[in-house]
Amino acid sequence: MHTTRRPSAVAVIGRGVLAGFGGTVVMTAFQKFVEMPLTQRSESYAPADFAQRVTPVDPETPQGRRRLNYATHFSLGMMWGTAYGIAALKGLRGQKAVNTVFATVYTGDVLLNTALGLYHPTQWSARDWAIDVADKYVQAQGTGLVFDRLLDPAARR
């Protein structure tokens with residue numbers, strides 16, 4: 001008789017964290033090679049702004065600020081992955097999981113950053129909204145792809 005052991009919550013959430021890192025790589029590549037060349041938008045320092053608002057970290061050099069920006073960017077992406085792992089624990093996978101995680105985390109992202117005075121969404125243009133939603137939806141899709149196709153043991157059978 002063949003029995004399948006269910007992975008622990010820690011293992012599933014750990015895979016989510018890794019998937020979030022992978023999804024952030026996908027989003028960053030999309031931004032740098034597709035979105036930013038099309039929109040002519042410069043690099044965003046919103047992650048660094050967030051980190052500086054909620055921590056005592058205050059880089060003294062532009063290079064330090066850039067490092068903080070990327071560290072925060074990837075840390076936040078891993079949090080998206082954590083949410084995906086939790087969704088997977090609850091039985092959600094594929095597009096249902098991606099869309100649920102995106103709707104939940106994106107809404108929280110906008111509300112939190114607005115409450116901190118970092119975002120002013122009522123002043124955003126339709127273009128600003130489209131860029132923000134597209135970039136973060138790519139991140140969510142990348143996270144789901146990495147989790148479901150690369151890190152799920154069942155996908156390797």
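Just so it is clear, none of the values below were taken in a lab; they were calculated from the coordinates. Since this is a predicted model, take the numbers as computed values, not measurements. No Cβ is skipped: glycine too gets one built from the backbone with ideal geometry, and neighbour counts run over all protein chains shown.
Looking at 83, 140, 134, just one residue is part of a helix (DSSP H, G or I), in contact (Cβ under 8 Å) with a residue 40 or more places away in the chain, within 11 Å of the chain's Cα centre (by Cα) and closer than 28 Å to residue 40 by Cα, and that residue is 140.
In the range 1-41, how many are outside any helix (DSSP H, G or I) and surrounded by fewer than 14 Cβ atoms within 10 Å (Cβ to Cβ)?
The first filter runs over the range 1-41 and keeps only residues outside any helix (DSSP H, G or I), leaving 1-8, 40-41.
Right, trim to surrounded by fewer than 14 Cβ atoms within 10 Å (Cβ to Cβ) and you get 1-6, 8, 40.
Matching residues across the range 1-41 total 8.
One residue stands out among those in the range 123-154 that are among the basic types (Lys, Arg) and closer than 21 Å to residue 32 by Cα: the one that is surrounded by the fewest Cβ atoms within 10 Å (Cβ to Cβ), which is 127.
If you check residue 147 against the conditions, is it closer than 16 Å to residue 23 by Cβ, assigned to a helix (DSSP H, G or I) and not aliphatic (A, V, I, L, M)?
Working: closer than 16 Å to residue 23 by Cβ: yes; assigned to a helix (DSSP H, G or I): yes; not aliphatic (A, V, I, L, M): yes.
Taking the combined requirement at face value, the residue satisfies it.
The requirement of being outside any helix (DSSP H, G or I), more than 12 Å from the chain's Cα centre (by Cα) and either free of Cβ contacts under 8 Å to residues at least 40 places away in the same chain or over 16 Å from residue 21 (Cβ atoms) (or both) is fulfilled nowhere in the range 97-114; no residue meets it.
A Cβ distance below 9 Å, combined with a sequence gap of six or more or placement on separate chains, defines the contacts here; from the range 32-51, residues that are within 14 Å of residue 135 (Cβ to Cβ) reach residues that are in a loop (DSSP other than H, G, I, E, B) in the pairs 32/43; 35/41; 36/42; 36/43; 46/118; 46/119.
Within the range 49-74, which residues are small (Gly, Ala, Ser) and either within 18 Å of the chain's Cα centre (by Cα) or loosely packed, with under 13 Cβ neighbours inside 10 Å (or both)? Lay out the reasoning, then the answer.
First, the residues of the range 49-74 that are small (Gly, Ala, Ser): 51, 64, 71.
Passing the criteria: 51, 71.
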